[in-house]
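To start, the structure under review is shown below, and the notes come after it.
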Amino acid sequence: MDLFVADAYASNGRQPRLTETLYALPHFTAFCIPIAAVPLGLARAALDAARDLSSAKVTRISPTVLNQKPVVQGAFGRAEGMLRAARAFLFEACEYAWRTVDSGAELALEQRAAVRLSCAQVAEAAKSVVQIAYDIGGGSSVYESCPLQRCFRDMYAAVQHLQVQGGNFETVGRVLLGLDPGTPIL
C-alpha cells in the first residue's frame, strides 16, 4: 500500500514543532517513560490486592489469617521495597533528564541510557512484585474473580514491550562499558 503522511502529522526523526521541555527530550527517551508507568501501576494494584486478600484469607491448613504469618509479612516487605526502589530510580533518571533539557542542553548518551535502564528496572521489579503478590494469594490467585489473576496476566503482557524488555539491560550495559549501544532507538 502506498500512503503519504504529510510532515504536519509526522514526528519520528524530525525536529519538534513545539519548544516546551517535554518536546526537547529525544523521542525514544520520552517514549519509554509512560510505557514503564504501566508495570508500576500493575504492581501497586497487585500489592493492594494482596494486602486486602491477606487480611481476610485463612488457608485450609492453618487457622491464622495470612497477614499474621511472618513469611507473608517478609514477602510483602520485600515486594514493597522493590517497587519503591524501582519507582525512585525512574523518577531520579527522569528528573535528571528533564533538568538537562530544560536548561537548553542536549541529553548525553549516558543520560538517555539511564532513563532506559530505569524503565527496564521498573519492568523487572514490577514483574517480581506481582509474582510475590500472586504467590501470597495462593490458590485464590488463579480465579478470575481475584484481582491478582488479572494483575499477573496484564503484567506479563506489559513487560513484553520493546521499551521495557530485559534486552534493554544489554543495550545500557554496552553504553556503560563505553561501547556503541548497538541500536538507534536509545
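Per q in 0.14 Å⁻¹, report the Debye log10 I(q)/I(0) for the chain, using one uniform scatterer on each alpha carbon and no solvent.
Relative scattering, expressed as log10 I(q)/I(0), comes to -0.82.
What ranking of 155, 82 emerges when the number of other C-beta atoms within 10 Å of each C-beta is taken as an exposure proxy, fewest first? Let's see the in-between values first.
Working: 155 25, 82 19.
Ranking 155, 82 by Cβ neighbours within 10 Å, fewest first, gives 82, 155.
Give me the angle, in degrees from 0 to 90, between the Cα long axis of helix 147-158 and the longest principal axis of the Cα atoms of the chain, rounded to the nearest 10.
Computed tilt is about 30 degrees.
When only DSSP loop residues count, what GluC sites (Glu not before Pro) in segment 71-161 have their Cβ near at most 13 other Cβ atoms within 10 Å? Kindly include the intermediate steps, with their values, before the conclusion.
Details: sites: 80, 92, 95, 106, 110, 124, 144; in loops: 106, 144.
Loop-located and lightly packed - 106, 144.
Please rank 154, 180, 52, fewest neighbouring Cβ atoms within 10 Å first, as an exposure proxy.
On the way: 154 17, 180 10, 52 13.
The most exposed by this proxy come first: 180, 52, 154.
So what's the back-of-envelope 222 nm ellipticity for the chain, counting only DSSP H runs of four-plus at -39500 (n - 2.57) apiece and dividing by all residues, rounded to 500?
On the way: 6 runs with 116 residues, N = 186.
Only helices count here, giving -21500 deg cm²/dmol.
Hey, got the dipole for segment 25-169? About the Cα centre, +1 on K and R Cβ, -1 on D and E Cβ, debye to the nearest 20? Could you put the intermediate results ahead of the total?
On the way: 14 positive and 12 negative charges, 98 e Å.
It comes to approximately 480 debye.
Could you point to the residue in 98, 59, 47 farthest towards the positive end of the chain's charge dipole, with +1 and -1 charges on the Cβ of Lys/Arg and Asp/Glu respectively?
It is 59, whose Cα lies furthest towards the positive end.
Quick test of your reading: applying the under-4.7 Å Cβ rule, which cysteines of the chain are isolated?
94, 146, 151 - these cysteines have no disulfide-compatible partner (Cβ-Cβ under 4.7 Å) in the chain.
Which longest run of the chain has no exposed loop site in it, a site being trypsin sites (Lys or Arg not before Pro) in a DSSP loop with at most 12 other beta carbons within 10 Å, and the site itself not part of the run?
In short, 61-186.
Hey, what angle do you get for helix 70-102 against the long axis of the chain, alpha-carbon based, 0 to 90 degrees rounded to 10?
Taking the Cα atoms of the chain, the angle to 70-102 is about 10 degrees.
May I ask you to sort 23, 143 by Cβ crowding, counting other Cβ atoms within 10 Å and putting the fewest first? Spell out each step's value before the answer.
Details: 23 14, 143 10.
Going from sparsest to densest Cβ surroundings: 143, 23.
Please give, to one decimal in nm, the separation of the simple spin-label points placed at residue 80 and residue 145, each 7 Å out from Cα toward the Cβ.
For residue 80 paired with residue 145, the spin-label model returns 2.9 nm.
Read-outs throughout are calculated quantities, based only on the coordinates presented, and are distinct from any laboratory measurement. Only a predicted model underlies this, so the values are computations on that prediction, with no experimental measurement involved. Cβ: placed from backbone, ideal geometry, glycine included. Neighbour counts: every protein chain shown.
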